[in-house]
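Structure first, commentary second.
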Amino acid sequence: MDMKKRVSLELRHRSPTEVQELVVDNCRASEGKIEGITEEFSNLELLSLINVGLTSVSDFPKLDKLRKLELSDNRISGGLEVLAERLVNLTNLDLSGNKFKDISTLEPLKKLPHLKSLDLFNCEVTNLADYRESIFKLLPQLTYLDGYDIEDCEASDSDGEGDGIEDEDEEGESSGESEDFEEEEEEDEEDVVAEDDDDDSGDDEDGEVNGDVDSEDDDEDEEDEDDDEDSSPAKGEKRKRDPEDEDDD
């Protein structure tokens, strides 16, 4: 599929100004040049043109908001001054798998003040002696070259993306959610304590009621004993009647 048609499909009924990320990898660039991507993509922040057969970037449009550009596995060998002039806010540039042979062909990238990450994997220039030292000297604004900084420390996925503001917002939202969750937990604990207190007071009331019932039962038992004593014959009377029973006999 040619690049122009692929770009049209990727729009998906949107206007170019609505697009922030555009990926058209593995399509075909007619005559090795960019097609279908114009300055109308004014809000574009990421553009991926991997393995599309590019030999030149001379027709690259001016995209002031573009920060990340993927151009790996093409046949570009120079002409980077166009990128330096038209992509002034670029932070990440992937040129791996292209035809760069000399350090001098990368010199125009000095004009990209925000460039933090540059990839040149599988380019002939990486075979030069002191390649890494030379690139870091040529591009002092660079933080990572081929995924590693000047101290050979590997870059994390988030490094060089230029998303500091978004990360701060996300951290603020997460901390807010954490605080809300802690408040809910405290409220739940207070409810549980309140329920326990209610249960304890209920047990005390039950104990008092049971105590009253027991005391009433004791009183009733005592009254029953008194009635039994009153209804039984007196010992003295029994002695008086004994002689009469003897006379009858």
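The values are calculated or read from the model by the stated rules, or taken from the named source; none is laboratory data. Just so you know, these numbers come straight off a predicted model, no measurement behind them. We place every Cβ from the backbone using ideal geometry, glycine too, and count neighbours over all the protein chains shown. Ligands, DNA and RNA are excluded from the accessible area calculation, which covers all protein heavy atoms including side chains. Shrake-Rupley method; radii C 1.70, N 1.55, O 1.52, S 1.80 Å.
How charged is the neighbourhood of LEU95? Take every other residue with its Cβ under 11 Å from the Cβ of LEU95, and add Lys/Arg as +1 and Asp/Glu as -1.
Numbers: positive: LYS99; negative: GLU70, ASP73, ASP94, ASP119, ASP146.
Once positives and negatives cancel, what remains is -4.
Per residue, what accessible area does region 1-144 have, given a 1.4 Å probe and all protein chains present, in Å²? Working shown, then result.
On the way: 7150 Å² over 144 residues.
Accessible surface, normalised per residue, equals 50 Å².
Sort CYS123, CYS153 from largest to smallest accessible area, using a 1.4 Å probe on the heavy atoms of the protein chains. Write out the running numbers ahead of the final one.
Values: CYS123 5, CYS153 70 Å².
Putting CYS123, CYS153 in descending order of accessible area: CYS153, CYS123.
Heavy atoms only, probe 1.4 Å: what % of the accessible area of region 6-48 goes to carbon and sulfur, would you let me know? Each step should come with its number before you reach the end.
On the way: 1030 of 2470 Å².
Answer for region 6-48 is 42 percent, counting heavy atoms of protein chains only.
So how exposed is PHE41, as accessible area in Å² (1.4 Å probe, rounded to 10)?
My reading of the accessible area for PHE41 is about 10 Å².
So how far apart, in nm, are the two label points at LYS65 and GLU21 if each is 7 Å from Cα heading toward Cβ?
Placing both labels 7 Å beyond Cα along the Cβ direction yields 1.5 nm.
Among LYS101/LYS137; LYS5/LYS111; LYS5/LYS110; LYS65/LYS137; LYS4/LYS110; LYS4/LYS116, which pairs are too far apart, with a Cα-Cα distance over 25 Å? Walk me through the numbers before you get to the answer.
Details: LYS101/LYS137 17 Å; LYS5/LYS111 33 Å; LYS5/LYS110 34 Å; LYS65/LYS137 27 Å; LYS4/LYS110 31 Å; LYS4/LYS116 30 Å.
The pairs that break the limit, which is 25 Å between Cα atoms, are LYS5/LYS111; LYS5/LYS110; LYS65/LYS137; LYS4/LYS110; LYS4/LYS116.
Accessible surface of ASP157 in the full protein assembly, 1.4 angstrom probe, to the nearest 10 Å²?
140
Going by the alpha-carbon gyration tensor, a ≥ b ≥ c the square roots of its eigenvalues, is region 47-146 rounded (a/c under 1.5) or, if a/c is not under 1.5, prolate (a/b greater than b/c) versus oblate?
Working: a/c = 1.66, a/b = 1.16, b/c = 1.43.
Because a/c hits 1.5 or more and a/b fails to exceed b/c, region 47-146 counts as oblate.
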